[in-house]
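Structure first, commentary second.
The values are calculated or read from the model by the stated rules, or taken from the named source; none is laboratory data. These numbers were taken from a predicted model, which means no experiment stands behind them. Note that we place each Cβ from the backbone using ideal geometry, even for glycine, and neighbour counts take in every protein chain shown.
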Amino acid sequence: MNFLAKKAGYTTTCLALSAVLLSTGCSSDNPTQNAGERTKDSVVVDSKSKQKNMQPVQEITLRTVGDEVKEEEEEGKPRHKHYDQDTIEVKAGSVVKLTLINEGSEQSMIHNIVFTRAGKSTQVALAGEKIGAPGNFVPADTVRVLAASPLALPGQTVHLEFTAPKEPGFFDFVCTYPQHYKEMKGVMVVK
Ligand SMILES: [Cu+2]
């Protein structure tokens, strides 16, 4: 935006404000104030045209449901632990704000969510087991691990924020609490 356009926009704001407040305090002589007010305008008035330039934010809620399968229930309706979605779609390069709600009730239903490179979730989970509880069962492996949430105890909710990869592709997600990776996993599609 060139200076003239900026100034024109600011003047319009001044006129609008003056009409409402009967204020004569608008002055174009103060560039700092001008810039500040333009920023506010951009968010409130001009949000649609600005959105293209902003990093998109994507909010995702995932629940962990079910407990351990008891032997007598295996034939009937299994209620083993799992994420309520096995596929997540995110926009490439977006800020992902993920909420993980642990709806399990048994003591061993401690969960997290760890995003890994495609096909690496089991490796990461097994490496996480060795790290143990002090390290939240997440290996310090920035090559295979993209992002990891804290652990959520039964009934707890935890949050994780990360930037999705810029290139479209597939990633895995998995719970790295010991032995949970067999049932608790899914795929993140970056579009
Ligand atoms: Cu788990």
Any chance GLU167 is within 22 Å of LYS97 (Cα to Cα), assigned by TED's automatic domain parsing to the domain that holds VAL65 and in contact with a Lys or Arg (Cβ under 7 Å, 6 or more places away or on another chain): no
Residue check, PHE162 against (1) away from the ligand (no atom under 14 Å from the Cβ); (2) touching a Gly at 6+ places or on another chain (Cβ under 8 Å); (3) part of a strand (DSSP E or B); (4) not small (Gly, Ala, Ser), all met but one. Which one? (2)
Return the residue satisfying two criteria in turn: it lies in region 179-191 and is more than 9 Å from the ligand (Cβ to nearest atom) and not in a strand (DSSP E or B), and of such residues it is surrounded by the fewest Cβ atoms within 10 Å (Cβ to Cβ). LYS191
Give LYS120, LYS130 a once-over and let me know the one that is without any contact (Cβ under 8 Å) to a residue 24 or more places away in the chain, basic (Lys, Arg) and out of contact with any helix residue (DSSP H, G or I) (no Cβ under 7 Å at 6 or more places or on another chain). LYS130
Failed condition for GLY169, given (1) touching a residue at least 60 places away in the same chain (Cβ under 8 Å); (2) away from the ligand (no atom under 16 Å from the Cβ): (1)
Taking into account only those residues within region 168-178 that are under 17 Å from the mean Cα position of the chain (by Cα) and in a loop (DSSP other than H, G, I, E, B), which is surrounded by the most Cβ atoms within 10 Å (Cβ to Cβ)? CYS175
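Residues checked against (1) closer than 15 Å to THR99 by Cβ; (2) surrounded by fewer than 17 Cβ atoms within 10 Å (Cβ to Cβ); (3) in contact with a His (Cβ under 6 Å, 6 or more places away or on another chain):
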site	(1), (2), (3)
ALA118	no, yes, no
VAL124	no, no, no
ALA127	no, no, no
PRO139	no, no, no
LEU146	no, no, no
LEU151	yes, no, no
PRO154	no, yes, no
HIS159	yes, yes, no
Can you tell me which of GLU89, GLU106 is out of contact with any Leu (no Cβ under 9 Å at 6 or more places or on another chain), closer than 15 Å to VAL187 by Cα and either within 16 Å of the ligand (Cβ to nearest atom) or not in a loop (DSSP other than H, G, I, E, B) (or both)? GLU89
Among the residues that make up region 128-143, is at least one of them in contact with a Leu (Cβ under 9 Å, 6 or more places away or on another chain), within 19 Å of VAL189 (Cβ to Cβ) and within 16 Å of the ligand (Cβ to nearest atom)? no
